[in-house]
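> This is the structure, below, for whatever I ask next.
The values are calculated or read from the model by the stated rules, or taken from the named source; none is laboratory data. These figures come from a predicted structure and were not determined experimentally. Cβ coordinates were reconstructed from backbone atoms using ideal geometry, including for glycine residues, and neighbour counts include every protein chain displayed.
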Amino acid sequence: MSHGLLIGRSPDCIPLILVTEADFAAWLQGQDDFLRRWLGAAGFKPKPGGFKLIPDPNGALQCVVSCIESAEDLWALGELPAALPEGDYYLDVSCAAKSLERLTLGWALGAYRFSRYKEPKRAMARLALDAACDGNRILALAEAVSAVRDLINTPAEDMMPEHLAEATAALGQTFGASMEQIVGDELLARHYPVIHAVGRASSHPPRLLDLRWGDPNHPKITLLGKGICFDTGGLDLKPSSAMRLMKKDMGGAATALGLARLIMSARLPVRLRVLVAAADNAVAGNAFRPGDVLRSRQGITIEVHNTDAEGRLVLCDALAEAAGEQPEALFDFATLTGAARVALGTDIPALFCNDDTLAAGLLAASEREQDPFWRLPLHEAYRDLLDSKIADIANASESSYAGAITAALFLKEFVPDSIPWAHFDLMAWNLKARPGRPEGGEAMAMRAVFAWLEQRYGGS
Ligand SMILES: [Zn+2]
């Protein structure tokens, strides 16, 4: 795995000088004639994202000058691992340790490439971790984001419920967590009927993965992930354009697993539980149908209005299970609705939360970590959009409005008000490459939730 970082600086490392656009003129004044002439001759304009290679008199690379908008910008160096010549660099900039950490993390996130099926054309440039940084935290974040992206980018054929189970088991093994899984018809016997119904038409049986870690006496934190390994839409089949990216419909599960990795690697004093509802929403003679009524784990009857609203279905049995042990906080991550993307675009997950204090803390962490999401309301008056004539609730509304809110209200039916709960409806995918964010799978909201947990429970 490439995170483009080097632990410890070697004498061969080349200085990467960072200058803000605002400071550039003053900085240039203080440089020697050679550097000033070279930058002038090369026509270097101090625009953020621009950089120049500076040779020494023998023609070897002496240093790199790179212009950034601000040392606070997480993504300022995101393009450089792939843009600079292969080799090792170190940051030559005067800024606070926190800013150095942020810049270094942005570099590491930009060094990611998905290489399972195709050799990368070149190696990434590497940045030496500065001794002033918390190197372990940067590496843990880079590894977690990379693991999430790999899981999402892997095609459905190689990332079915059994593969998600293997990934979860491997993660558990790394950190000494225990894992249980309930597979196929066992879901019926153990009373997870809705997860079974959604996944039963696939030759890859559905599963509930259950990872536990930490001291049972510590505060209970439970993470839930939507793990729809491929979403055809079921019998209410998606059109081809909407189906193309549906290998990413397990992005919520990947995010929950990435967050679990961060929590365990930081050894946060919590008792962690991760539930992944994994299913392949496929089409076959035994597929569940529009109009069917499913009886959930909790006993609530659900009329299936559309088989493409399957994420909330698999989550409802998992939420009921999670709520049963009254965690101190419950987080779920799901690529749940197109409506959330219509409201906020693909970069900003929607947060729904039944606890204002928790929501405020999460939003503050989102701002600090430059990991954006935005809160939408659990507007109870819209609950009647989910009324069914023959069951307790319908899985989707017939209205074309407020689809992200009605999906969240559906989930809310399965979470007691006494449990602080945050639901993230996210894209888990970068439609286009930007610095630090290659096109493809993406870990959204994960760094912010981790920062909130770190602040709440303290690292060690
Ligand atoms: Zn769907």
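> Which pairs do you get when a residue that is under 18 Å from Pro155 (Cα atoms) and among the β-branched types (Val, Ile, Thr), found in the range 229-240, comes within reach of a residue that is more than 10 Å from the ligand (Cβ to nearest atom) and at pLDDT 95 or above, reach meaning Cβ atoms under 7 angstrom, with the pair 6+ apart or on two chains?
Every condition considered, the pairs that remain are Thr232/Ala282; Thr232/Val283.
> Being over 27 Å from Asp134 (Cα atoms) and surrounded by fewer than 13 Cβ atoms within 10 Å (Cβ to Cβ): is that true of Ala26 here? Break it down stepwise before answering.
Values: over 27 Å from Asp134 (Cα atoms): yes; surrounded by fewer than 13 Cβ atoms within 10 Å (Cβ to Cβ): yes.
So Ala26 passes the test.
> Then there's this: Please work out if Glu86 is under 30 Å from Ala144 (Cβ atoms), within 27 Å of the chain's Cα centre (by Cα) and in contact (Cβ under 8 Å) with a residue 24 or more places away in the chain. Steps first, answer last, please.
Values: under 30 Å from Ala144 (Cβ atoms): yes; within 27 Å of the chain's Cα centre (by Cα): no; in contact (Cβ under 8 Å) with a residue 24 or more places away in the chain: yes.
No.
> Sort through His191, His196 and tell me the only one that's more than 13 Å from the ligand (Cβ to nearest atom) and in contact (Cβ under 8 Å) with a residue 60 or more places away in the chain.
Numbers: His196 fails: in contact (Cβ under 8 Å) with a residue 60 or more places away in the chain.
Just one listed residue meets the conditions, His191.
> Conditions first: (1) part of a loop (DSSP other than H, G, I, E, B); (2) within 27 Å of Phe44 (Cα to Cα). Arg102 passes all but one, so which condition is the exception?
It fails just one condition, (1).
> Do the conditions hold for Arg244, that is, is it away from the ligand (no atom under 12 Å from the Cβ), at negative phi and free of Cβ contacts under 8 Å to residues at least 24 places away in the same chain?
On the way: away from the ligand (no atom under 12 Å from the Cβ): yes; at negative phi: yes; free of Cβ contacts under 8 Å to residues at least 24 places away in the same chain: yes.
Considered against the rule, which asks whether it is away from the ligand (no atom under 12 Å from the Cβ), at negative phi and free of Cβ contacts under 8 Å to residues at least 24 places away in the same chain, Arg244 comes out as yes.
> Anything in the range 301-322 that is away from the ligand (no atom under 16 Å from the Cβ), more than 19 Å from Leu257 (Cα to Cα) and part of a helix (DSSP H, G or I)? List them, or say none.
Ala320
> Out of curiosity, is Gly234 of a type in the set (Gly, Ala, Ser) and within 16 Å of the ligand (Cβ to nearest atom)?
Values: of a type in the set (Gly, Ala, Ser): yes; within 16 Å of the ligand (Cβ to nearest atom): yes.
Yes; evaluated as a whole, the condition is true for this residue.
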